[in-house]
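Since the structure comes first, as structure tokens, the remarks are kept for the end.
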Number of protein chains: 2
Amino acid sequence: MTRDLSSLLDALFDPGHIVVVGASADPAKWGNAVALQALRGADRHAISLVNRRGGEVLGQQVVTSVGELDRPVDLAVITVPEFGFEEAVDGVLARGARAIVAITAGLGESGEEGRARQDALIQRVRDAGAVLVGPNCLGLVDNHTATYISSNTFRPGGVALLSQSGNLAIEVARLLGERGLGISRFVSLGNQADVGLVELIEACAADEHTEAIAVYVEDVRDGRGFVRATAAAVEAGTPVVVLAAGVSSAGARGAQSHTGSLTSDAAVVAAACRAGGAIQVRTPRELADVLMALRQRAQPRGSRVAVLTDGGGHGVIACDVLEAAGLEVPALEPATQAALSEVLWSQSSLTNPVDLAGAGEMDPQSYAKAFAALQRADDVDAILMTGYFGGYSSGEDGLTGLGPAECAAAKQISVDAAGRKPVAVQSMFPESPASRILAEAGVPVFAAIEDAVAALAATAVDPRSASVLAVPAPAAPIAAVDYTSSRAAFAAAGVPFVAAREVHSAAELHEAARELRPPYVLKALGLLHKSDAGGVVVGLPDREALYLSYAQLSERLAPAAFSVEEMADVRGGVELIVGARWDVRFGPTLLVGLGGTSTEVLGDVQVALGPVDASEAERMLRRLKAAALFDEHRGRPALSVSSAARAVAAVSWFAAAHPEVAELEINPLLVAPSGALALDARIVTGFEARFARTSATDQEN
Amino acid sequence: MTRDLSSLLDALFDPGHIVVVGASADPAKWGNAVALQALRGADRHAISLVNRRGGEVLGQQVVTSVGELDRPVDLAVITVPEFGFEEAVDGVLARGARAIVAITAGLGESGEEGRARQDALIQRVRDAGAVLVGPNCLGLVDNHTATYISSNTFRPGGVALLSQSGNLAIEVARLLGERGLGISRFVSLGNQADVGLVELIEACAADEHTEAIAVYVEDVRDGRGFVRATAAAVEAGTPVVVLAAGVSSAGARGAQSHTGSLTSDAAVVAAACRAGGAIQVRTPRELADVLMALRQRAQPRGSRVAVLTDGGGHGVIACDVLEAAGLEVPALEPATQAALSEVLWSQSSLTNPVDLAGAGEMDPQSYAKAFAALQRADDVDAILMTGYFGGYSSGEDGLTGLGPAECAAAKQISVDAAGRKPVAVQSMFPESPASRILAEAGVPVFAAIEDAVAALAATAVDPRSASVLAVPAPAAPIAAVDYTSSRAAFAAAGVPFVAAREVHSAAELHEAARELRPPYVLKALGLLHKSDAGGVVVGLPDREALYLSYAQLSERLAPAAFSVEEMADVRGGVELIVGARWDVRFGPTLLVGLGGTSTEVLGDVQVALGPVDASEAERMLRRLKAAALFDEHRGRPALSVSSAARAVAAVSWFAAAHPEVAELEINPLLVAPSGALALDARIVTGFEARFARTSATDQEN
């Protein structure tokens, strides 16, 4: 039976008839708390309570089984203990349930047996044409349809909150409330056994009462779907803010024990958020702060921030924190300084930070006038106001009479800010009347400068980027992954290599030496780490040297084969690493970085979901710190980054078409002024990768 | 006249007779606010008010000049306009003033002329055997001697606050108040024309009512004195927390306009804080949070943190944030897990994060028992509790009756925490009764996980390190800084070089070729960037190749001289850069990093104040990311880091003895298994460095 997910999700968020299976009269039980909440929506939905022992719950007569209900079920909430789970689900499916919220825990997250039971049940749910949220979840709320299927209440508002942790959701809702924001929908993701993050993002993006989507997730599961759903939501005007946890090694351990989650590397998750245009945050406070800042509906323009302050060290600290966050605080253009000088006094500093230097204390309208000038300035992308503003109306200032003028300035700033450049305000007096005027107009006001800067960093730069390309259909699996085969496979995919011959005998060596031009490189093949074992000899100037090295390596290493290669001229070039890995959640992922030992040691790498085209590959290369080496540099000619980008793109398409390849690597890819050239290649299929990991673990133990 | 600073500083903080010069009846003027505050201390000090127009101020008769006072002045506060400044200061000096707080602005920070006036006056103050705070400051407070020489009041407590910004001080005091902390002494640094940060740190470290010293500074001025004073304070048990602003380029611009400050590089300031054992923070909130965490008086032990939580994603997020902050969350040892398993239930996860998994909801004492076990564990340096704890007593939890048990657990945790491992608590309910029990016992409770982690990062690791070595007396200035002279100077200082000969003719070349062993390196000398102009040829295998290169370089570059050198075997080695610079505030500073192009591009450098001994140099080298390359690595032998460290130390002593050298550099210093060898050298004296900077600026414009 094909399910119409969209209509089923409607049943989830606005059901006609809600049944609570496992409703309880005991206030210490979930079945009581959920029933209590569900009944708050009784004006809009029919609410039935089921308890096998019968009786009354919260003043309402229960039925002892769903069979007794006099009308079909739309949405069923299952709060029974784990041993009664299947019976309860089968029961509501028999009564036509279209949507199920399964709070019951102890299934998929509890081990192999629980997972098998869960899988079997989900198949029956799908066969019945229904959807299930959970199990092991805390429920669901839609504040606009009065659907309250959770033990907690959430202040209504415009944020859809999708969370893999119940406590986290409670905390986020509290933090949003402190910022004047509330919840449109809340869904506890639980085990995501059927409906998961992807479908819920889609459903909330389509919800007219949802202005932004907030996600707490440990296990993204369908990584590609997540990127697709996020990109669609963002494109349609609903920002998505993501707190993906478990990205550190200890965090992954915690996620494993918390929800049995498989997490992905921090870099892969970040790449996915970037690809989908999601704003990524690290903590609940950042999540709430960014959602507050997004209320401005400002137009992201870029990273050049103007700092506006009146005396004191606040402007200085703001500059330091902004630059540390990757934003720019450039000296303002003469035209902008001229516009500022017309509205400020001679002591004011106009370069950036713009320091009123007492003008604000003389007349709070100075703030508003300077702010308006910065809004008009072409060389300013975003504005950060910091310091004392808010103090004159706070009642804590000794100087008298400036409160009303400050409030008037706040009103003017609110008007000038609306819908334009991203703005953040840090105030020593965030609760003062002037600060409240700003906040109520949607201008985000923060007590701490680092919060203001974090919010500005998240909203100043447009998160939308070219959305990720689809993974191609698998190609025929590669037949062999020895060095020469790997090389051939990459070459066929469009990666340029130096000329080489595989040789197995002195006779073949002699032939290869005649075909190839010196100087030569000789590689002993079939060793785990060729270069570590001394199995690679470079710079062999002539045949004599080549033959001698061959003899020496044969005696010392007895390799199964050799590769004789022409030697690339590496002078003036940069060696990159290009790698790909098949991530358990996100599929093919691509890595580029500075090659050789530098890669491991310095971590100058960029990661993206693959495949990528050459222009995206070039953007990745340009984001490397090492990108400074690509350009003309102290008289050295510029390198052919476009050639490197084409090779990177070719690698990414190859990797994406070969799911049987667990890891692959070209290291180094030499980038020279004239082009790019692969000097080595390595492919590891799934079986080998698992084996290598096991070996590594063995060695550690 | 030699001043007894210690006794003078006593006069500053507990004067017998305070005179406010410029006391005003106008409530909009500083002279009014300061007089109002000063009079609050009239029980302890005699307070006289001076106003040239006479009359009454705040109900007290003023005198029109200090000459009319019937007793000598101990402390004078100068709040007169800038044009009357000298007259006022001279007047109080004539009346025997031992200490002066100069609030008047418009002197040293306003340009050349103001600076000259300020300098002349400070000389007279010093000649009179007095001290002066300011000018351009906001005053001074000692809450324990009722010395209130500032327009603001500060809640009493144990923090001495030394600030170069008035608004920042007000903000910090507010933030401290929110955390239950207060101020012992407040001093506004102003222009630091006489008494500066160094003397005030010393004075506050000696103050029995000061438990910790908080510093906001843009211009450290006496950098070495700062390190010395800080190290002494920390050693004597008074922690010093420093917010040094203006370390970014825009921040330095802001500081310049704010206080006319000259700031130093972020890396140099960080090195100074490390050398002095000061805890460095970036923002006012961090400053307040760290001061709150320091109240524990915990014993810093190391970076291994145990995370304790009960369900939810809080443990997972905490792990991610801790690792991002450089702390470790290692899996716990079997013995520790066994101890935990005795007090928790079977569902609990014991590896780290320690997740009670519902045990806390069953019995809040589970938190206290697990906490006690972690306090006893040898493999845990610090403890972070995060998540729901605090909720059961908050009144917001639906589950009944757990509040008292939670409060009992909080009391137990407070007892177990006292004076032992650093602890931080993040609670969703930071204001709840249980959270307040922790906070009142000195256990820092935070609403946001990133704040808890930042405080833990600042308090978990012992900030004390070997204090910085004294700068030696200047050696005879170096005579020449050409390549060969620079090389000789370094070699004399103990830096090993490859063998080389400077040659000026084919005849000398021939001689050098006979003395040195091939392969050769040939360098054309006298060019700005030898290698950029193609003026360096390496790997010349024999005399024939050497002579040909000599002929070619002569024709192409016509250099004044050449250096012929033996070629070091760089295979298996790592190339470092060792540099030194004379910082305007901190004197000789030392930099080590990965050499070659990697230095600029990857920024893997460590900075310290020079000179350093070999053991400190080795610590710097080991802190590099590239340190992984020093050890035995994929079959490659370990490198002689100790040789490199000796060379680095030699460079640092040379730099410290040569203040006339603005910049010097050895790049690369080759570190091989057998030792370290300098392959190039560069010295720039002050004049040349200024010239190079001017040229660079010209090019930019």
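The values are calculated or read from the model by the stated rules, or taken from the named source; none is laboratory data. If you're wondering where the values come from, they're calculated on a predicted model, not measured in any experiment. Cβ coordinates were reconstructed from backbone atoms using ideal geometry, including for glycine residues, and neighbour counts include every protein chain displayed. Surface areas here come from the heavy atoms of the whole protein model, side chains and all, with no ligands, DNA or RNA. Shrake-Rupley method; radii C 1.70, N 1.55, O 1.52, S 1.80 Å.
General observations
- Residue satisfying all of: in segment A:449-463; open to solvent by 10 Å² or more (accessible area, probe 1.4 Å) and either more than 10 Å from chain B (Cβ to nearest Cβ) or in a loop (DSSP other than H, G, I, E, B) (or both); modelled with the highest pLDDT among these: A:ALA457
- Residue in segment B:497-510 that is part of a strand (DSSP E or B) and closer than 29 Å to B:VAL471 by Cα present: yes
- For segment B:318-330, the tally of residues that are open to solvent by 30 Å² or more (accessible area, probe 1.4 Å), of a type outside the set (Asp, Glu) and within 11 Å of chain A (Cβ to nearest Cβ) stands at 3.
- Across segment A:346-362, a minimum of one residue is classified as over 39 Å from the mean Cα position of the chain (by Cα), more than 10 Å from chain B (Cβ to nearest Cβ), surrounded by fewer than 24 Cβ atoms within 10 Å (Cβ to Cβ) and not small (Gly, Ala, Ser).
- Taking segment A:7-53 as the range and being open to solvent by 60 Å² or more (accessible area, probe 1.4 Å) and among the small types (Gly, Ala, Ser) as the test, the residues that pass are A:ALA25, A:ALA28.
Quick grid of which residues meet (1) hydroxyl-bearing (Ser, Thr, Tyr); (2) within 11 Å of another protein chain (Cβ to nearest Cβ); (3) farther than 30 Å from A:ILE437 by Cβ:
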residue	(1), (2), (3)
A:SER165	yes, yes, yes
A:ALA169	no, yes, yes
A:LEU176	no, no, no
A:LEU181	no, no, no
A:PHE186	no, no, yes
A:GLY190	no, no, yes
A:VAL195	no, no, yes
A:ALA203	no, no, yes
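- B:VAL73 being buried (at least 24 other Cβ atoms within 10 Å of the Cβ) and either modelled with pLDDT under 90 or more than 37 Å from the chain's Cα centre (by Cα) (or both): yes
- On inspection, B:GLY158 does not qualify as within 14 Å of another protein chain (Cβ to nearest Cβ), surrounded by fewer than 24 Cβ atoms within 10 Å (Cβ to Cβ) and small (Gly, Ala, Ser).
- Considering the conditions (1) on the phi > 0 side of the Ramachandran plot; (2) free of Cβ contacts under 8 Å to residues at least 60 places away in the same chain, A:GLY22 is excluded by exactly one of them, (2).
- One residue stands out among those in segment B:581-609 that are touching a His at 6+ places or on another chain (Cβ under 9 Å) and away from chain A (no Cβ under 12 Å): the one that is modelled with the highest pLDDT, which is B:PRO588.
- Only one of the listed residues (A:ARG274, A:ARG221, A:ARG228) is more than 10 Å from chain B (Cβ to nearest Cβ) and on the phi > 0 side of the Ramachandran plot. That residue is A:ARG221.
- Checking each residue in segment B:281-294 for being crowded, with 21+ Cβ neighbours inside 10 Å and either free of Cβ contacts under 8 Å to residues at least 60 places away in the same chain or in contact with a Gly (Cβ under 7 Å, 6 or more places away or on another chain) (or both) picks out only B:THR283.
- Yes/no for B:VAL425 being among the aliphatic types (A, V, I, L, M), part of a loop (DSSP other than H, G, I, E, B) and open to solvent by less than 30 Å² (accessible area, probe 1.4 Å): no
- When every residue of segment A:263-270 is checked against the conditions, none turns out to be open to solvent by less than 30 Å² (accessible area, probe 1.4 Å), β-branched (Val, Ile, Thr) and at pLDDT 95 or above.
- Subset of segment A:337-391 [out of contact with any helix residue (DSSP H, G or I) (no Cβ under 9 Å at 6 or more places or on another chain) and within 13 Å of A:ALA306 (Cα to Cα)]: A:GLN337
- Check on B:GLN61, open to solvent by 50 Å² or more (accessible area, probe 1.4 Å) and either without any contact (Cβ under 8 Å) to a residue 60 or more places away in the chain or out of contact with any Lys or Arg (no Cβ under 6 Å at 6 or more places or on another chain) (or both): yes
- B:GLY610 open to solvent by less than 10 Å² (accessible area, probe 1.4 Å) and without any contact (Cβ under 8 Å) to a residue 40 or more places away in the chain: no
- When segment A:302-317 is limited to residues that are open to solvent by 10 Å² or more (accessible area, probe 1.4 Å) and more than 7 Å from chain B (Cβ to nearest Cβ), the one that is modelled with the highest pLDDT turns out to be A:ARG304.
- Among the candidates A:VAL215, A:VAL172, A:VAL187, A:VAL159, residue that is of a type in the set (A, V, I, L, M, F, W, C), modelled with pLDDT of 95 or more and in contact with a Lys or Arg (Cβ under 9 Å, 6 or more places away or on another chain): A:VAL159
- The requirement of being within 13 Å of chain A (Cβ to nearest Cβ), closer than 30 Å to A:SER249 by Cβ, more than 41 Å from the chain's Cα centre (by Cα) and not hydroxyl-bearing (Ser, Thr, Tyr) is fulfilled nowhere in segment B:376-385; no residue meets it.
- Hey, A:ASP462 farther than 30 Å from B:GLU178 by Cα, in contact (Cβ under 8 Å) with a residue 60 or more places away in the chain and acidic (Asp, Glu) or not: yes
- Scanning segment B:424-435 turns up no residue that is modelled with pLDDT under 95 and either over 25 Å from B:ILE317 (Cα atoms) or away from chain A (no Cβ under 14 Å) (or both).
- Given (1) open to solvent by less than 10 Å² (accessible area, probe 1.4 Å); (2) out of contact with any Phe, Trp or Tyr (no Cβ under 9 Å at 6 or more places or on another chain); (3) within 20 Å of B:LEU200 (Cα to Cα), index of the condition B:ARG126 fails: (1)
- Taking the conditions (1) modelled with pLDDT of 95 or more; (2) farther than 23 Å from B:GLN606 by Cβ; (3) touching a Ser or Thr at 6+ places or on another chain (Cβ under 8 Å); (4) within 14 Å of another protein chain (Cβ to nearest Cβ) in turn, B:THR238 satisfies each one other than (4).
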